[in-house]
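The block underneath contains the structure these notes are about, expressed in structure tokens.
The values are calculated or read from the model by the stated rules, or taken from the named source; none is laboratory data. Remember, predicted model here, so these are calculated numbers, not experimental data. For neighbour counting, all protein chains shown are included, and Cβ atoms are generated from backbone atoms with ideal geometry for every residue, glycine included.
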Amino acid sequence: MQHLSPSPRLVLAITGLLAATILLMPLPKEAQPSARTVHIDATQFAFAPGRVQVKQGDRVTIRLTASDVVHGFYLDGYGLQRRIEPGVSEEIVFTADRPGKFRYRCGVSCGPLRPFMIGELIVEANTPYWRAIGVTLVAALGMLVALWQSGKHRPYQEVLSGSG
Ligand SMILES: [Cu+2]
């Protein structure tokens, strides 16, 4: 009788090929880290824009201005902060290496509603991150299938060595 299930070696080879394919796939151009400049203006009691989106790995320049009184800028997660005087623009340059959502807030007591001066920086996880997950999943799946298949093959091989 013909044994129909693939051998563990074949499964491993296919898994390896699949993982290599995922690794070697060219990145879409828009996923490449780039330099981003964002202008954020602070007024009582809001930041404009209140939401900034960048990609993980981007070299981000935030240019800060204050239109009325002295404000502050504090970025959670990255621990970056600046004091912004009206008429003087400040610059923060950093690499957005951590994916996630991070709040930026005013750290200077500029008025009663200062606690509501909150904005959000969204750092989109880049493709290599998803690629890493893909490779891990494929490898895990391949291992499972290989283990499962080797379990199936053992009695078959024992029969072979017993008869030979
Ligand atoms: Cu403020």
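Does GLN81 qualify as being in contact (Cβ under 8 Å) with a residue 12 or more places away in the chain, within 27 Å of the chain's Cα centre (by Cα) and more than 16 Å from the ligand (Cβ to nearest atom)? When the stated conditions are applied, GLN81 does not pass them. For the range 67-77, check the following and say yes or no: at least one residue is more than 15 Å from ALA42 (Cα to Cα), of a type in the set (Ser, Thr, Tyr) and in contact with a Phe, Trp or Tyr (Cβ under 9 Å, 6 or more places away or on another chain). Scanning the range 67-77 turns up no residue that is more than 15 Å from ALA42 (Cα to Cα), of a type in the set (Ser, Thr, Tyr) and in contact with a Phe, Trp or Tyr (Cβ under 9 Å, 6 or more places away or on another chain).
Of all residues in the range 111-134, those satisfying the criterion of being at pLDDT 85 or above and closer than 16 Å to THR95 by Cα are LEU121, ILE122, VAL123, GLU124, ALA125.
Please indicate, with yes or no, whether at least one residue in the range 54-75 is within 16 Å of the ligand (Cβ to nearest atom) and closer than 21 Å to ALA125 by Cβ. Yes, the range 54-75 has at least one match. Filtered by the rule that a residue be away from the ligand (no atom under 14 Å from the Cβ) and either outside any strand (DSSP E or B) or of a type in the set (A, V, I, L, M) (or both), the range 90-120 gives ILE92, VAL93, ALA96, ASP97, ARG98, PRO99.
Give the residue that is modelled with the highest pLDDT, with candidates limited to residues of the range 1-35 that are part of a loop (DSSP other than H, G, I, E, B) and surrounded by 10 or more Cβ atoms within 10 Å (Cβ to Cβ). Out of the qualifying residues, it is SER34.
From the list ARG82, ARG98, the lone residue that is surrounded by 14 or more Cβ atoms within 10 Å (Cβ to Cβ), basic (Lys, Arg) and out of contact with any His (no Cβ under 6 Å at 6 or more places or on another chain) is ARG82.
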